[in-house]
Amino acid sequence: MAVITYIESSNGKIKKSGFELASYASELAKQMNSSAIAVTINCSNIKEIGKYGIEKVLKINNDLLNEFNAKLYSDVIVQASNNFDCNRIVLSSSSDSKYLAPLVAAKLEASYLNNVISLPSNLNPLTVKRTAFTNKAFSDCCSSSAKIIIGLSNNSFGLVENSVSVIEEDFKVNLVNSNLSVKSTEKSSGKVSIADADIVVSAGRGMKGPENWNLIEDLANTLGAATACSKPVSDMGWRPHSEHVGQTGKPVATNLYIAIGISGAIQHLAGINSSKIKVVINNDPEAPFFKAADYGIVGDAFEVVPKLNEKLKEFKLQNS
Amino acid sequence: MKILVCISHVPDTTSKINFVESDTKFDVQGVQFVINPNDEFGLTRAMWLKENQGALVDVINVGLQTSESTLRKALAIGADRAIRINAEPTDGYFVAKQIAEFVKENPYDLIIAGRESIDYNGAMVPGLIAGFLDIDYVTNCTKLDIENGKVILDREIDGGKETLSGSLPLIIGGQKGLVEENDLRIPNMRGIMQARQKPLDTLEPFNFSPNTSTLKFHKPEPKQAVKLIDADNLDELINLLQNEAKVL
């Protein structure tokens with residue numbers, strides 16, 4: 001009766017969300033008087049997982065797994081979880097993990113509870129709090145299944161340091177090649193993705209046109225933030241779809257969300273509600289976003305944003 | 001080509017979310033229900049395939065009689081036949097089992113669902129169906145082209161996109177990008193009239209139980225009022241972000 005978690009890596013290094021996941025899995029194991037095992041795929045800095053309480057790490061190195069493939073990766077997790085008799089599986093809410101989770105669930109005949117934001121309030125039946133209605137509400141959900149997959153919402157649990165020494169174990173998997181193959185990947189290089197960012201700078205129609213986005217990008221660069229946009233902006237083609245956040249776009253659960261020239265339609269707010277601190281800059285004091293924000297500035301974005309950028313640059317210099 | 005589009009019947013995106021019966025049920029009073037937006041992008045792409053490459057498009061919903069209006073809308077948009085499995089869609093597992101059992105008896109070349117429904121956000125129905133039936137699966141799908149049985153798809157990934165190739169049969173989880181927002185169709189009078197003549201078959205559910213249950217819903221805590229900062233006093237904002245919110 002152990003806990004298993006799949007810790008994602010990118011270019012051989014553990015992704016930031018991996019440490020939060022490790023923290024959650026080891027705290028869950030503690031609660032169950034059990035132990036947690038981490039699955040890693042073609043990953044090199046395994047020892048770092050030990051900082052977050054996981055004692056045993058499975059190393060899977062296989063050329064068939066060089067590119068993400070949901071079917072093959074789900075096979076790995078299924079085989080590892082069967083081999084070590086794990087009945088609680090903890091996965092992240094990255095797009096890859098959300099992709100493979102139901103495949104794992106179908107193979108293990110497991111329940112899948114995603115968007116989970118806390119440790120179980122009860123272990124039998126396992127009861128967790130999750131977000132529902134695209135962050136407009138929460139629900140307490142439970143399952144009595146023998147095997148349960150918990151999909152942890154990004155940035156909802158945080159890090160719990162608990163250094164232990166890691167036992168690394170090579171784990172061999174049997175893989176059958178998949179019909180689906182990756183032809184090409186386009187990633188905005190050098191930029192932080194919305195899913196991995198601590199800070200997101202997002203802008204809306206108030207920016208008046210795509211030619212003004214340099215203001216947004218400059219501010220994001222200063223903050224090491226990802227850029228995002230509202231739905232009308234991506235619908236008009238000012239910015240790519242991949243930047244659209246909101247109910248039908250990407251969900252955002254970041255530490256700091258700065259909304260510039262976004263009025264705050266209910267669908268937009270739903271998508272960004274899980275962010276911890278929201279700052280809004282808008283020239284319309286009646287913009288609904290002010291009701292959802294922590295800090296607000298009523299003012300012209302074209303004046304406020306460059307000024308704020310300069311101030312933040314100074315701040316960064318002083319604090320670096 | 002035979003296409004099945006899975007349709008979830010969900011509250012409109014602008015709905016106020018409230019709960020009744022001691023916060024155990026969603027309050028449907030005054031709420032308008034629509035085709036789940038992620039499903040609608042997929043349905044519209046299916047219409048394009050039907051019109052340009054020839055396909056039969058069925059739509060399926062697991063739900064009670066109340067979801068028939070949503071299925072009729074899908075027929076008015078151009079689907080050929082609707083199937084309703086007459087059961088309350090208690091969780092994603094239950095819905096996926098129902099659809100998978102139906103597909104076992106009625107095979108399709110392509111199954112399209114939304115990447116998630118906007119109400120319970122389970123994000124599992126297409127993936128579970130794929131797993132139950134051992135059919136290839138791509139989710140967060142933003143582009144879908146089919147030529148001579150060969151399929152080219154885009155999948156949105158964190159920070160970009162990836163282009164995949166595969167073959168039929170296939171299940172996808174669709175989203176915005178499959179078609180553009182302004183390609184979505186509002187049913188016209190002719191479509192609505194035709195929809196009345198199209199088959200809407202009701203089937204009794206297969207014998208499965210859900211594997212999760214919702215005990216209680218909560219609404220978010222009311223938010224504290226926004227702190228307004230003067231546009232000429234940006235140092236104060238930085239100070240608050242650093243020392244009060246501790247996010248810098």
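The values are calculated or read from the model by the stated rules, or taken from the named source; none is laboratory data. These numbers come from a predicted model, not from an experiment. All Cβ positions, even for glycine, are placed from backbone atoms using ideal geometry, and neighbour counts span all protein chains on display.
Set side by side, the residues B:Gly122, B:Gly131 differ, and just one is part of a helix (DSSP H, G or I), farther than 21 Å from A:His241 by Cβ, within 8 Å of chain A (Cβ to nearest Cβ) and touching a strand residue (DSSP E or B) at 6+ places or on another chain (Cβ under 9 Å), which is B:Gly131.
Per-residue answers, yes or no, for (1) surrounded by 24 or more Cβ atoms within 10 Å (Cβ to Cβ); (2) at the interface with chain B (Cβ under 7 Å from one of its Cβ atoms):
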| position | (1), (2) |
| --- | --- |
| A:Val90 | yes, no |
| A:Ala106 | yes, yes |
| A:Glu109 | no, no |
| A:Val116 | no, no |
| A:Asn122 | no, no |
| A:Lys136 | no, yes |
| A:Asp140 | no, yes |
| A:Ala146 | no, no |
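Here are some residues: B:Ile99, B:Ile111, B:Ile85. Which one is in a strand (DSSP E or B) and within 14 Å of chain A (Cβ to nearest Cβ)?
Result of the check over B:Ile99, B:Ile111, B:Ile85: B:Ile111.
Answer yes or no: is there a residue in the range A:146-154 that is touching a Leu at 6+ places or on another chain (Cβ under 8 Å), part of a strand (DSSP E or B) and free of Cβ contacts under 8 Å to residues at least 24 places away in the same chain. No: the range A:146-154 contains no residue that is touching a Leu at 6+ places or on another chain (Cβ under 8 Å), part of a strand (DSSP E or B) and free of Cβ contacts under 8 Å to residues at least 24 places away in the same chain. Applying the criterion of being part of a helix (DSSP H, G or I) and out of contact with any helix residue (DSSP H, G or I) (no Cβ under 7 Å at 6 or more places or on another chain) to the residues of the range A:280-301, the residue that is farthest from the other protein chains (Cβ to nearest Cβ) is A:Phe289.
For the range A:61-84, the criterion of being surrounded by fewer than 24 Cβ atoms within 10 Å (Cβ to Cβ) and in a strand (DSSP E or B) is met by no residue. Restricting attention to the range A:186-216, the residues being part of a helix (DSSP H, G or I) and either assigned by TED's automatic domain parsing to the domain that holds A:Ser156 or in contact (Cβ under 8 Å) with a residue 24 or more places away in the chain (or both) number 8. Quick check: is even one residue across the range B:8-27 within 30 Å of B:Lys216 (Cα to Cα), without any contact (Cβ under 8 Å) to a residue 24 or more places away in the chain and hydrophobic (A, V, I, L, M, F, W, C)? Yes, the range B:8-27 contains a residue that is within 30 Å of B:Lys216 (Cα to Cα), without any contact (Cβ under 8 Å) to a residue 24 or more places away in the chain and hydrophobic (A, V, I, L, M, F, W, C).
Just one of the numbered conditions (1) among the β-branched types (Val, Ile, Thr); (2) facing chain B (nearest Cβ under 7 Å); (3) more than 20 Å from A:Ile272 (Cβ to Cβ) is not true of A:Val128: (2).
In the condition set (1) more than 12 Å from every other protein chain (Cβ to nearest Cβ); (2) within 30 Å of B:Gln175 (Cα to Cα), A:Ser94 is compliant with all but (1). The sole residue among B:Ile171, B:Ile192 that is in contact with a helix residue (DSSP H, G or I) (Cβ under 7 Å, 6 or more places away or on another chain), more than 29 Å from B:Thr90 (Cα to Cα) and β-branched (Val, Ile, Thr) is B:Ile192. Can you tell me which residue is surrounded by the fewest Cβ atoms within 10 Å (Cβ to Cβ) among those in the range A:178-234 that are facing chain B (nearest Cβ under 7 Å), closer than 22 Å to A:Ala253 by Cβ and not charged (D, E, K, R)? In this case the residue turns out to be A:Ser188.
Of the residues B:Asp80, B:Asp136, B:Asp91, the single one that is over 23 Å from B:Glu204 (Cβ atoms) and charged (D, E, K, R) is B:Asp136.
Among the candidates A:Glu48, A:Glu27, the residue that is within 29 Å of A:Val252 (Cβ to Cβ), more than 10 Å from chain B (Cβ to nearest Cβ), without any contact (Cβ under 8 Å) to a residue 40 or more places away in the chain and in a helix (DSSP H, G or I) is uniquely A:Glu48. Condition first: at the interface with chain B (Cβ under 7 Å from one of its Cβ atoms) and not β-branched (Val, Ile, Thr). Can you find one or more residues in the range A:161-172 that meet it? Checking the range A:161-172: not a single residue is at the interface with chain B (Cβ under 7 Å from one of its Cβ atoms) and not β-branched (Val, Ile, Thr). Of all the listed residues (B:Thr163, B:Thr139), the sole one being in contact with a Ser or Thr (Cβ under 7 Å, 6 or more places away or on another chain), closer than 28 Å to A:Thr134 by Cα and of a type outside the set (D, E, K, R) is B:Thr163. From the list A:Asn135, A:Asn179, the lone residue that is of a type outside the set (A, V, I, L, M), outside the structural domain of A:Val76 (by TED's automatic domain parsing) and modelled with pLDDT under 95 is A:Asn179. The condition (being modelled with pLDDT under 95 and in the same structural domain as A:Ala225 (by TED's automatic domain parsing)) is satisfied by just one residue among A:Ile272, A:Ile262, A:Ile258: A:Ile272. Note on the range B:121-133: residues that are under 21 Å from B:Asp12 (Cα atoms) and surrounded by fewer than 24 Cβ atoms within 10 Å (Cβ to Cβ) amount to 1. In the range B:148-240, counting only strands (runs of 3 or more DSSP E) that sit wholly within it, the ones holding 1 or more residues that are within 30 Å of A:Glu67 (Cβ to Cβ) and more than 9 Å from chain A (Cβ to nearest Cβ) span B:150-157, B:170-174.
Filtered by the rule that a residue be of a type outside the set (Gly, Ala, Ser), touching a residue at least 24 places away in the same chain (Cβ under 8 Å) and within 21 Å of B:Ile157 (Cβ to Cβ), the range A:1-15 gives A:Thr5, A:Tyr6, A:Ile7, A:Glu8, A:Lys13, A:Ile14, A:Lys15.
Per-residue answers, yes or no, for (1) hydrophobic (A, V, I, L, M, F, W, C); (2) touching a helix residue (DSSP H, G or I) at 6+ places or on another chain (Cβ under 8 Å):
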site	(1), (2)
A:Gln31	no, no
A:Ser34	no, no
A:Cys43	yes, no
A:Val57	yes, yes
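Consider the range B:163-217 and keep the residues that are of a type in the set (Asp, Glu) and free of Cβ contacts under 8 Å to residues at least 12 places away in the same chain. The one that is farthest from B:Ile146 (Cα to Cα) is B:Glu181. Residues that are in contact with a strand residue (DSSP E or B) (Cβ under 7 Å, 6 or more places away or on another chain) and of a type in the set (D, E, K, R) within the range B:134-146 comprise B:Asp136, B:Lys143, B:Asp145, listed in sequence order.
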